[in-house]
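Q: To start, I am sharing the structure in question, which I have written as structure tokens.
Every number in this text was worked out from the coordinates using simple rules, so none of it is lab data. This is a predicted model, so every value here is computed, not measured. Neighbour counts are summed over all protein chains in view; Cβ atoms, including those assigned to glycine, are modelled from backbone coordinates with ideal geometry.
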Amino acid sequence: MSQRKDTLLSPQIIQAQKEAISDIRIKNEEQYSLGAPRKKAFVETYGCQQNVSDSEILMGMLAQMGYEKTEQKDDADIIIYNTCAVRENAELKVFGNLGALKHLKAKRPDVIIGVCGCMMQQKENADQIKRKYKHVDLVFGTHSLYYFPSLLKDVIMSDTRVIDVRDTDGKIAEHYPLQRAKGPCAWVSVMYGCNNFCSYCIVPYVRGRERSRSKDAIVAEVEQLASSGYKEITLLGQNVNSYGKDLDEHIDFADLLNAVCKIDGIERIRFMTSHPKDISDKLIDTMESQSKICKQLHLPVQAGNNRVLAAMNRHYTKEEYLEKIDKIKAKMPDITLTTDIIVGFPGETKEEFADTLDVLKKVRYDTIFSFIYSKRPGTPAATMDDVLTAQEKKECFSALLDVQDKISYEKNKALEGKILSVLTEGYSKTDSTVLSGRTEGGKIVNFAGSDECIGKFVNVKITDVRTWSLIGEIIE
Ligand code: 5AD
Ligand code: SF4
């Protein structure tokens, strides 16, 4: 019991954050009343949906402080990078972007530059910023997210650099303000952290141990979303199948899904990510029986070879994974399946990689998210030796895409001529003359239509397909 209490952020700390928000707001309002323009905030997010969700919390706090959102760095009074540490590429991009801000800071010394998220939870990265990026005012790790108002207040009021990387397992805070992205779909975190320690992955080191939010808090948030007009929610966690294991209440993820399905107004429920070792028959049965739960599953396999899977510390074999997929397909034949794949894990040979291709051909995923292995210092795999050269890894990667692109296209092609229910999210990001929405399976559909469709379900006949999206027309 006491352990659970320790996980929740104390009321005193929450109160201190509310006061910091109010102090910053008063200062911003004073400047506004003297004729200064409204202050603007730019938040750029890297990495996974958990980071997107954390940025919504940051934006919510900033809005309460009186900042307006801007998409232009040059306009902003505060710039925040919410970083990802999963692969080196994302890290290099952040350092590059921060370097480029030196000029901006020289021109406008009042602009506040902050960096947060998974990269900053690693001491080496935070130290590097401290030493080499002196124009950065505020650095805070994932465990310090909820302390952002008081950290920012210190920067503003005391004009000092603030670095806060605390070494705890992280807390949960309820009732923090959120500024969600526009549209009918919302992300809802149900748990934080990960206990799995896959040997290549930095997440357990930067996000801490698994912590579940209480069912009541999640249900209250979803009820609030429903009453604000949201139609679709995605329940988020690094490993949602572990939901509830740390709670006093006897509850698992399937129970949580059943509770959320009862909420009127929410018509589609998705969730991610599931770990194949933990996906239970109860969860599969719940997915099948609850009509609101989208028949879509992201089930990262990572690799197809049993030696590699064991070295990755994944706790399943290729055969066990395929058996689960067969069970899922038997219950939900039209399910959309997606996965994550790592190519070139240390020690992986070309023959072993062929097992990954075999999984792709057997499962026939709709889409895959594939990555070349990136060495993460501090993880067990970082000390393992490579067999394949960088060039050979690239060749394997390209072979993987060749196999998958064909399957993705074929699976989309099978939808041609079908009429699908699409929840319209807005105008397409790549072509602002067409609307864009998703099918129950999570596939993007572009179609002609007007503003009234946004936020609504429309029936769309699929007239053409691409590898990663569908094209259609509204059927009255
Ligand atoms: N290198 C490459 N890909 C990785 N992922 C996690 N860690 C690494 C790494 N070190 C991938 C996994 C995971 C996804 C979110 O990122 O496939 O499922
Ligand atoms: Fe990383 Fe594995 Fe946890 Fe996913 S389950 S976050 S890959 S350690």
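Q: Convert each backbone phi in region 207-212 into a coupling constant with the Karplus relation 6.51 cos²θ - 1.76 cosθ + 1.60 (shift: θ = phi - 60°), then list the ³J(HN,Hα) values in order as whole Hz, x for Gly and Pro.
A: So the Karplus estimates, Gly and Pro as x, are 10, x, 7, 5, 9, 9 Hz.
Q: Ok, one more. What aspartates and glutamates could a cross-link reach from residue 406, if we take a straight Cα to Cα line under 16 Å and drop same-chain neighbours fewer than 8 places away?
A: 358, 366, 416, 464
Q: For region 403-452, what is the convex hull (Cα atoms) projected area averaged across all directions, in square nanometres?
A: Numbers: hull surface 16.3 nm².
The directionally averaged projection comes out at 4.1 nm².
Q: At a Cα cut-off below 23 Å, give the lysines reachable from residue 277, other chains included and same-chain residues fewer than 8 away excluded.
A: 245, 295, 318, 324, 327, 329, 331, 361, 362
Q: I want to make sure I understand the PRE zone here: with the label point 7 angstrom from the Cα of residue 464 toward its beta carbon, which residues in region 431-445 have backbone N atoms less than 20 Å away?
A: 431-439, 443-445
Q: Kindly list the residues of region 18-32 that lie in the label zone of residue 157, defined by a backbone N under 17 Å from the point 7 Å along the Cα-to-C-beta vector.
A: 18-31
Q: With θ set to phi - 60° and the Karplus curve 6.51 cos²θ - 1.76 cosθ + 1.60, what are the ³J(HN,Hα) couplings of region 130-135 in order, to the nearest whole Hz, using x for Gly and Pro?
A: 4, 7, 9, 10, 5, 7
Q: Size of the dipole of the chain about the Cα centre, Lys and Arg at +1 and Asp and Glu at -1 on the beta carbon, nothing else charged, in debye to 20? The partial results should precede the final answer.
A: Working: 66 positive and 69 negative charges, 141 e Å.
In debye, rounded to 20, the chain gives about 680.
Q: Just checking the chain: which Cys have no other cysteine's beta-carbon under 4.7 Å?
A: 48, 84, 116, 118, 185, 194, 261, 294, 396, 453
Q: Once Rh for region 295-414 is found with the Kirkwood sum over Cα pairs, what is the Stokes-Einstein diffusion coefficient at 10 °C and 1.306 mPa s, in µm²/s?
A: Numbers: Rh = 14.8 Å.
Reported coefficient: 107 µm²/s.
Q: Tell me, what ³J(HN,Hα) does each residue in region 35-42 have, in order and in whole Hz, if you take phi through Karplus 6.51 cos²θ - 1.76 cosθ + 1.60 with θ = phi - 60° and put x for Gly and Pro?
A: Per-residue couplings from phi come out as x, 6, x, 4, 6, 10, 10, 10 Hz.
Q: What span do the alpha-carbon atoms of the chain cover on each of the three principal axes, reported in whole Å from largest to smallest?
A: 64, 59, 49
Q: Here's something else I'd like to know. Taking trypsin sites (Lys or Arg not before Pro) as candidate sites, keep only those in a DSSP loop with at most 10 other Cβ atoms within 10 Å, then name the longest stretch of the chain containing none of them.
A: Details: sites that count: 182, 429.
Longest gap between qualifying sites, sites excluded: 183-428.
Q: Which aspartates and glutamates have a Cα less than 16 Å from the Cα of residue 73, not counting those fewer than 8 places away in the same chain?
A: Here the aspartates and glutamates satisfying the reach criterion relative to residue 73 are 44, 110, 137.
Q: Ok, one more. Taking loop as defined by DSSP and a crowding limit of 16 other beta carbons within 10 Å, which chymotrypsin sites (Phe, Trp or Tyr not before Pro) in region 384-476 fit? Could you put the intermediate results ahead of the total?
A: Numbers: sites: 397, 409, 427, 447, 457, 468; in loops: 468.
Answer in residue order: 468.
Q: What percentages, rounded to whole numbers, describe P(r) for region 2-164 computed over all alpha carbon pairs with 5 Å bin width beginning at zero?
A: The distribution over region 2-164 is 2, 9, 18, 23, 21, 15, 8, 4, 1, 0, 0, given as percents.
Q: How large is the dipole of region 413-462 about the Cα centre if only Lys and Arg carry +1 and Asp and Glu carry -1, each at its Cβ, rounded to the nearest 20 debye? Intermediate results must be reported in sequence, preceding the final value.
A: Details: 7 positive and 6 negative charges, 46 e Å.
Approximately 220 debye in magnitude.
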